[in-house]
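The structure appears right after this line, and notes come after that.
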Amino acid sequence: MKVTVGKIKKRKVIKYCIGLLAPLFFYLFLLMNIDLGYDNYKECLLFIFITTLFIVMIFVLPSLIFLNSMWEVNQNSLKYIHFDHNLDKTKYLYSFLFRNKYPRYQINLRLSQIDFVQISYYRYSFYPSKYLVDGSGYKIVFKFNMLDGSQYIIENFVSHDRESFKQGIELMKKQGVRFVDPYHLLEALCSNKDINLHIALVEKEKNHD
Amino acid sequence: MIRISLISKHYKQIEPLIHQFFDNLQVEYILTNYTHQSIQDIYFVEIEKKDDLNILNHLKKLESTLIYIIGPKDFDLVSICLQKQTHLYFINSELEKQFIHYQDFIKKQIQKNFQYYLYQRNGITSKIRLSQIYYVESLRHQIILHSINGEMIERKTLSQFIKEIQSLDFIQIHKSYVVNKQFIQEVKNQEVILKEQTHLPIGRSYKESLKEQD
């Protein structure tokens, strides 16, 4: 059994392609059928069309389709990748589409070597200034403590794809991975609760104590 | 984080001494009660007689685990402990004095066994025990760290890695491979065989330095 969290779905790619490329090709159609009087204008607008198409295919499409991170768990190992740059996403998207090849994962951990996984959170600011309203959020941190004393701390482990996230966590638990979760964050994440609200309650309880 | 466990009938007397010792060393550590389920990095075991040494057979340990014995001034017990490959023997009546005496020695042992390789980028922080890395492979502009825990890929060159770790335990055997000497099982003419049965090629220009190491 294998669960992949945050994987690319071909159907999603097609949907986005249609959504993004349809207006562009409509523009091209208009361009070809309207008489602008001068050929130079047409050439110029055609150049704009090709440039826009290029930008959409290289930068916009991959960043819309991909999540920033992706992980996979099976009976033996946990694999994780975080995409550093947009160009990486582009490279992996097209190698997936045309060669059906998934990227090589950055971290590959043997489940049998994991001692326990500690889950915690910290508050961070979206913007440089802390004075902006609603400018902060919470980041959930997964700390993988290995039997040999090594540690792997991953900040972007939580995925928007909650269903497969839940399945991945369940599979890890089934394989004997122990989760230490003092704030019950995993429970909140797996039950689709608003995590920010949950942490706000945790903070409130902490202050009350 | 170094995980330390104390097994003693006089836990409350010895615990503050260990805390004081590791605070002075300025290392990140956690001292816990012994449980037979967890692996520790350093075990302090207090013994009174020969039979107490049986516990050593039940300790969960790795190759890097250090075992320090605290016991009476008894030559026979010391020699048995040496045979059992424990790392130090402290005499219980002179514990505080001996901690000071062996401070530098223990510090070196800790640095050798529990030194970390730190990687920090884009929301990933990993602290990998150098002593548990089998070998490092270079692939284009990336390196792959093969350790007991699995693999990790990093955008770096092999020479940058060697410069960063500054460890004598690692040796370059090929332009694309650096190996941890602790895990070498056999050196053949064309290849190195590691304990976990990986065969790695030896580069022509690295043969001499590998022979010198032998």
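Residues of the stretch B:22-52 that are surrounded by fewer than 18 Cβ atoms within 10 Å (Cβ to Cβ) and assigned to a helix (DSSP H, G or I): B:Asp23, B:Asn24, B:Leu25, B:Lys50, B:Asp51, B:Asp52.
Does B:Ile100 satisfy being touching a helix residue (DSSP H, G or I) at 6+ places or on another chain (Cβ under 9 Å), aliphatic (A, V, I, L, M) and at pLDDT below 90?
Values: touching a helix residue (DSSP H, G or I) at 6+ places or on another chain (Cβ under 9 Å): yes; aliphatic (A, V, I, L, M): yes; at pLDDT below 90: yes.
Considered against the rule, which asks whether it is touching a helix residue (DSSP H, G or I) at 6+ places or on another chain (Cβ under 9 Å), aliphatic (A, V, I, L, M) and at pLDDT below 90, B:Ile100 comes out as yes.
Looking only at the stretch A:157-184, residues that are within 14 Å of another protein chain (Cβ to nearest Cβ) and within 26 Å of B:Ile42 (Cα to Cα) come to 4 in all.
Of the residues making up the stretch B:63-115, those that are of a type outside the set (Ser, Thr, Tyr), in contact with a Leu (Cβ under 7 Å, 6 or more places away or on another chain) and assigned to a loop (DSSP other than H, G, I, E, B) are B:Lys84, B:His87, B:Gln115. Residues in the stretch A:60-71: is at least one at pLDDT below 75 and hydroxyl-bearing (Ser, Thr, Tyr)? Yes, that holds for at least one residue. Residues in the stretch A:185-209 that are surrounded by 14 or more Cβ atoms within 10 Å (Cβ to Cβ) and in contact (Cβ under 8 Å) with a residue 12 or more places away in the chain: A:Leu185, A:Leu186, A:Leu189, A:Cys190, A:Ile195, A:His198, A:Ile199, A:Val202.
Out of B:Ser138, B:Ser167, report the one residue that is away from chain A (no Cβ under 14 Å), in a strand (DSSP E or B) and free of Cβ contacts under 8 Å to residues at least 60 places away in the same chain.
Values: B:Ser167 fails: in a strand (DSSP E or B).
Matching residue, one of B:Ser138, B:Ser167: B:Ser138.
Report the residue count in the stretch A:53-92 for those that are among the hydroxyl-bearing types (Ser, Thr, Tyr), within 13 Å of the chain's Cα centre (by Cα) and within 13 Å of chain B (Cβ to nearest Cβ). Give the derivation first.
We begin by selecting, within the stretch A:53-92, every residue among the hydroxyl-bearing types (Ser, Thr, Tyr); these are A:63, A:69, A:77, A:80, A:90, A:92.
Checking which are within 13 Å of the chain's Cα centre (by Cα) leaves us with A:63, A:69, A:80.
Applying the additional criterion that residues be within 13 Å of chain B (Cβ to nearest Cβ) yields A:69, A:80.
The qualifying residues number 2.
If the condition is being more than 7 Å from every other protein chain (Cβ to nearest Cβ) and surrounded by fewer than 20 Cβ atoms within 10 Å (Cβ to Cβ), then the stretch A:143-156 contributes A:Lys143, A:Asn145. The residues of the stretch B:168-214 that are in contact with a strand residue (DSSP E or B) (Cβ under 9 Å, 6 or more places away or on another chain), within 18 Å of B:Glu63 (Cα to Cα) and of a type in the set (A, V, I, L, M), listed by number, are B:Val179, B:Ile184, B:Leu194. If we keep just the residues of the stretch B:170-208 that are of a type in the set (Asp, Glu) and without any contact (Cβ under 8 Å) to a residue 12 or more places away in the chain, which is farthest from B:Lys156 (Cα to Cα)? Result: B:Glu186.
Under the condition of being over 17 Å from the mean Cα position of the chain (by Cα), among the hydroxyl-bearing types (Ser, Thr, Tyr) and more than 21 Å from B:Leu95 (Cα to Cα), the residues counted in the stretch B:27-50 number 1.
Please work out if A:Lys173 is within 30 Å of B:Thr65 (Cβ to Cβ), part of a helix (DSSP H, G or I) and modelled with pLDDT of 85 or more. Let's see the steps before the verdict.
On the way: within 30 Å of B:Thr65 (Cβ to Cβ): yes; part of a helix (DSSP H, G or I): yes; modelled with pLDDT of 85 or more: yes.
Taking the combined requirement at face value, the residue satisfies it.
From the list B:Ile165, B:Ile128, B:Ile143, B:Ile153, exactly one residue is surrounded by fewer than 19 Cβ atoms within 10 Å (Cβ to Cβ), at pLDDT 90 or above and among the aliphatic types (A, V, I, L, M). Which is it?
On the way: B:Ile165 fails: at pLDDT 90 or above; B:Ile128 fails: surrounded by fewer than 19 Cβ atoms within 10 Å (Cβ to Cβ); B:Ile143 fails: surrounded by fewer than 19 Cβ atoms within 10 Å (Cβ to Cβ).
Selected residue: B:Ile153, the only one of B:Ile165, B:Ile128, B:Ile143, B:Ile153 that is surrounded by fewer than 19 Cβ atoms within 10 Å (Cβ to Cβ), at pLDDT 90 or above and among the aliphatic types (A, V, I, L, M).
Within the stretch A:1-52, the set of residues being at pLDDT 75 or above, more than 18 Å from the chain's Cα centre (by Cα) and among the β-branched types (Val, Ile, Thr) comprises A:Ile14, A:Ile18, A:Ile48, A:Ile50, A:Thr51, A:Thr52. Checked against the criteria, B:Tyr119 does not count as under 22 Å from B:Thr65 (Cα atoms), more than 8 Å from chain A (Cβ to nearest Cβ) and assigned to a strand (DSSP E or B).
So which residues in the stretch B:143-164 are over 22 Å from the mean Cα position of the chain (by Cα) and in a strand (DSSP E or B), if there are any at all?
Of the residues in the stretch B:143-164, the ones over 22 Å from the mean Cα position of the chain (by Cα) are B:143, B:153-160.
If the condition is that a residue be over 22 Å from the mean Cα position of the chain (by Cα) and in a strand (DSSP E or B), then B:Ile143, B:Ile153, B:Glu154, B:Arg155 are the ones that fit.
The values are calculated or read from the model by the stated rules, or taken from the named source; none is laboratory data. Note that this is a predicted model, so its numbers are computed, not measured. Cβ: placed from backbone, ideal geometry, glycine included. Neighbour counts: every protein chain shown.
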